[in-house]
Amino acid sequence: DCSTDNTREIALRYQRAHPHLVRIIAWQRNVGLHDNAERLIRALRGEFVAFCEGDDYWIEPTKLQQQVSLLQARNDVTAVFSDFVIADLRRGRWTVDFTANAFAHLQVSDLRGNLRGNPLDGRLRTLAAVYRLHVLTSLYEKNLPVKAYPFLDTFFLAQAIASGNVERIDSVNAVYRR
């Protein structure tokens, strides 16, 4: 992040305070969504990956543990999503309607199968998911046309579905700012 809002300094402070938990991967210039995602995914270590980008945020302290526990319990599961709500900027203030969760009336079975007829239509966001790392690294190892997609959420989901089962935790754990 080459923003001018002091983000890098704040992140570096966290890295110094928690070097066993935080590793900053920084660029000298902004490289764009796709190049940044590929560089980061190739640099990741561990078994699982979760994203919380930009101004989105998680509101449930156990979000990651719930999702990782499900992944650890079931080797057939390649990604676990939680529900989220959307924040809108109205008259200069962020408002969140916690009754309008993104997955209302959505079944786990809706996360499987042919995405063309899938009712998700933009309702999956990276902030709601935890993936097995190999699902995302395989996108780049197979030289799939990742850069052809304007957003990575759907491409990541498609790869998770192609690689195994996708599950959902039925609780609101994050806020997506539109």
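The charge dipole of the chain, taken about its Cα centre with unit charges on the Cβ of Lys, Arg, Asp and Glu (plus for the first two, minus for the last two), comes to roughly 360 debye. Give the shape of the range 131-176 as rounded, prolate or oblate, defined through the alpha-carbon gyration tensor: a ≥ b ≥ c are the square roots of its eigenvalues, a/c under 1.5 means rounded, and otherwise the shape is prolate if a/b is larger than b/c and oblate if not. Since a/c reaches 1.5 but b/c is at least a/b, the shape of the range 131-176 is classed as oblate. Rg and Dmax, both from the Cα atoms of the range 18-86 and both in Å, are 14.2, 40. Only protein heavy atoms count here; on that basis, with a 1.4 Å probe, D170 has an accessible area of about 120 Å². Hydrodynamic radius of the chain by the Kirkwood approach over all distinct alpha-carbon pairs: 17.4 Å. Close amide H contacts of I59 (hydrogens built in the peptide plane, cut-off under 5 Å, sequence separation of 5 or more or a different chain): A174, V175.
Taking 37 °C and 0.692 mPa s as conditions, the range 1-46 diffuses translationally at an estimated 282 µm²/s according to Stokes-Einstein applied to its Kirkwood radius (Cα pairs). In the chain, the portion of solvent-accessible area held by carbon and sulfur atoms comes to 51 percent [1.4 Å probe, whole percent, DNA, RNA and ligands not counted]. Judged by the mean number of other Cβ atoms found within 10 Å, the most tightly packed of the peptides 134-142, 53-61, 154-162, 19-27 leads the ranking 154-162, 134-142, 53-61, 19-27. The magnitude of the dipole of the range 133-178, with charges of +1 and -1 set on the Cβ of Lys/Arg and Asp/Glu and taken from the Cα centre, is near 220 debye. Looking only at the chain, where both bridge partners belong to it, what percent of the DSSP beta bridges are antiparallel (to the nearest 5)? Here the antiparallel bridges make up roughly 55 percent for the chain.
The values are calculated or read from the model by the stated rules, or taken from the named source; none is laboratory data. Small disclaimer: the values here were computed from a predicted structure and weren't measured. Every residue, glycine among them, receives a Cβ derived from its backbone with ideal geometry; neighbour counts consider all protein chains shown. Protein only, heavy atoms only, side chains kept; ligands, DNA and RNA dropped before computing areas. Shrake-Rupley method; radii C 1.70, N 1.55, O 1.52, S 1.80 Å.
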